[in-house]
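First the structure, in the form of structure tokens, and then the observations on it.
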Amino acid sequence: MSGTPVDTPGRDARLERALALHEAGRLGEAERLYLSMLGDRPDDFDALLQLSALRLQQGRAEQSFTLANRAATLAPQSAEARSNRATALHAMKRHEEAVASYEDALTLDPEFVEAHYGLGTALMATGHHDEAGACFERSVALDPDYVEAWCGLGASQLATGRIDRSLLSYNKAIALAPDLSDAHFGLAAALKNLGRDDRAAVSYARALALKPDFAEAHVGLGICQVALDRYDEALVHFNAALALNPDNDEAVVNLGKALEELGRSDEARDAFERAFALRPRKPANCYALAMSRKLDANSPCLTVMEQLVGDLPKLRDEDQVLLHFALGKAYTDLGLSADGFAHVLAGNAIKRRRITYDERGALAAINRIGTTFTPALMQSHVGEGEPSRLPIFIVGMPRSGSTLVEQILASHPQVYAGGERSDFAAAMKAVGLDGSAETFPYAVRDIGAGELRKIASGYLVRLVNAMSSRDTFLRMTDKMPANFLFVGLIHLVLPNARIIHTCRAAVDTCLSCFSTMFEQPYACDLGELGRYYRTYSGLMDHWRSVLPAGVMIDVQYEDVVDDVERQARRIIAHCGLPWSDACLAFHTTARPVKTASVLQVRRPIYQSSVGRWRPDDDTLRPLLAELGPLP
């Protein structure tokens, strides 16, 4: 907060002493001098300006605003007074008024670097991230050593999806101030956004080492530990955040999510109830609670969500999406399926506006895979891969029953459940295949045995390192649905690996994808979803035609529901394992489950998800027209 004194006639000699004390952090002594000055001269501009800054440091934002407003009235041409007033307004969460006051200050002094920074922070709070970024860029242009502005720039870039630039900004801040915990915290958030959870955890830990009472860093580190399957450590950090601030609803929600994934559903629901009680009008808290349980018609959560619908234009887009999906779930649970689906449609429409999706390019890339992996190519590499039998790949569309199949396998004493893993795509990168259209699939035409084995060894090392024990497990599952794109390469790399393709009725699969809050760019529009499904289905037909018998089986979700034992025995036999009766009690198997099916797989088989309710054909016309007659 700016507070540069004005060199006015008759300037009080006490001011220099007060400023020195203030700068040294001796706020009480500085406060007494400022008050003494104002006692003698109630309109002392310098004392008003500096005391307004001090009051904000003391957390007394309203008093700060009153003092800064008096100073601005006394000196209408003072940019500093308007900037101080704006900073107080920002602290009072009157962000739109703060924006106007900062703009007033910059009209008076366009080179006022602190006002550019302050305007950026206020714009960030109102969700205008691009405009905020421009303010932070102006700040660092005026003062390249302005550490806080570099952090603000990193935050704005992170909010607008420019993650690589965000990393550069936070690293610049760290280079200027290696001991600034906020800079390490921001860097951790950027790394987390890129999926680099291990590196993000290191940066969060550094932020905590510099500032042990940094509750938000405990939450961030806990989230990373969950992603790394270190649940015990995650719970420690969430609880540490709550010990520092019992009202930290983000810590409570993330604690609930971790407990839910661990199968501790009752504790998770209690956590979500607590988060809702702390901040009932926060859509993320409503969403977490609504997804964890069935809300009845008199639920306070449902009442609040219905009230929030009236304030939709005031909510950020991401909050609107959460609210729509939460209401979609709640109304469906109440039997008001048409009302629920209307909210799902609305939520997806907002999501679709916010994402960039090159549908033509994405579908063309999938089709190129099929034309590249010809029978001749597959035959030319027979015997060149790694013979390990460790991996079991479970592939297919999301929401097709893959989590249920993995839960059945996880119940076998010789199978380690790996969950959704990005390890195969990461191992591909070691030989220059990054999964993009530029390198895959065309580069596979020239791949050699050495490169195939390099992919295999890199992948297997990752799997083994992820296992809690290597002694008791003969197989490990990899349940990344999108690996359906790499089925041909998987077989060349690991010819003895087993592949399970989970299938479900096309409309049920698509509606479940459409109604689930996950980041799949093709799943926000019914027509695009239908076209993606048809393209995926065509590629799976191709894999069936080029793979040797016994490598891959199709497991139909409806068949599992109809006769779980028969299908479970078929799955276990396909994986070359002896039968275990434990596979029939899959719902009792304790293991972390991270997918949207976290609650379903902890229940015995149920029929309600087969032939699920569907909207009328007019509503579904975009989907049905694109799906066409599937086999």
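Any residue in the stretch 416-425 that is surrounded by 20 or more Cβ atoms within 10 Å (Cβ to Cβ), of a type in the set (Lys, Arg), in a loop (DSSP other than H, G, I, E, B) and touching a residue at least 12 places away in the same chain (Cβ under 8 Å)? For the stretch 416-425, residues surrounded by 20 or more Cβ atoms within 10 Å (Cβ to Cβ), of a type in the set (Lys, Arg), in a loop (DSSP other than H, G, I, E, B) and touching a residue at least 12 places away in the same chain (Cβ under 8 Å): present. Scanning the stretch 1-49 for residues that are more than 30 Å from Leu119 (Cβ to Cβ), modelled with pLDDT under 80 and crowded, with 18+ Cβ neighbours inside 10 Å gives a single hit, Asp12.
Of Leu221, Leu194, Leu176, all but one fail to be of a type outside the set (D, E, K, R), crowded, with 19+ Cβ neighbours inside 10 Å and either modelled with pLDDT under 95 or not assigned by TED's automatic domain parsing to the domain that holds Asn285 (or both); the exception is Leu221. With respect to Gly383, determine if the residue is over 23 Å from Thr502 (Cβ atoms) and assigned to a loop (DSSP other than H, G, I, E, B). Considered against the rule, which asks whether it is over 23 Å from Thr502 (Cβ atoms) and assigned to a loop (DSSP other than H, G, I, E, B), Gly383 comes out as yes. Criterion applied to Thr87, Thr73, Thr107 was being of a type in the set (Ser, Thr, Tyr), out of contact with any Leu (no Cβ under 6 Å at 6 or more places or on another chain), touching a residue at least 40 places away in the same chain (Cβ under 8 Å) and on the phi < 0 side of the Ramachandran plot, and the one residue passing it is Thr87. From the list Thr502, Thr472, Thr516, the one residue that fits, being under 21 Å from Leu577 (Cβ atoms), modelled with pLDDT under 95 and either of a type in the set (Val, Ile, Thr) or not assigned by TED's automatic domain parsing to the domain that holds Gly396 (or both), is Thr472. One residue alone among Asn285, Asn348 is modelled with pLDDT of 95 or more, buried (at least 18 other Cβ atoms within 10 Å of the Cβ) and closer than 27 Å to Leu242 by Cβ, and that residue is Asn285.
Yes/no per residue for (1) over 17 Å from the mean Cα position of the chain (by Cα); (2) not hydroxyl-bearing (Ser, Thr, Tyr):
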| residue | (1), (2) |
| --- | --- |
| Ala134 | yes, yes |
| Val147 | yes, yes |
| Ser181 | yes, no |
| Lys192 | no, yes |
| Arg196 | no, yes |
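With respect to the conditions (1) outside the structural domain of Glu451 (by TED's automatic domain parsing); (2) part of a loop (DSSP other than H, G, I, E, B); (3) in contact (Cβ under 8 Å) with a residue 60 or more places away in the chain, Ser388 falls short on a single one, namely (1).
Taken residue by residue, the stretch 451-459 has at least one member that is assigned by TED's automatic domain parsing to the domain that holds Asp581, among the small types (Gly, Ala, Ser), touching a Leu at 6+ places or on another chain (Cβ under 8 Å) and in a helix (DSSP H, G or I).
The values are calculated or read from the model by the stated rules, or taken from the named source; none is laboratory data. For clarity, every value in this text was computed on a predicted model and none was experimentally measured. Positions of Cβ are generated from backbone atoms using ideal geometry, with glycine treated the same way; all protein chains shown enter the neighbour counts.
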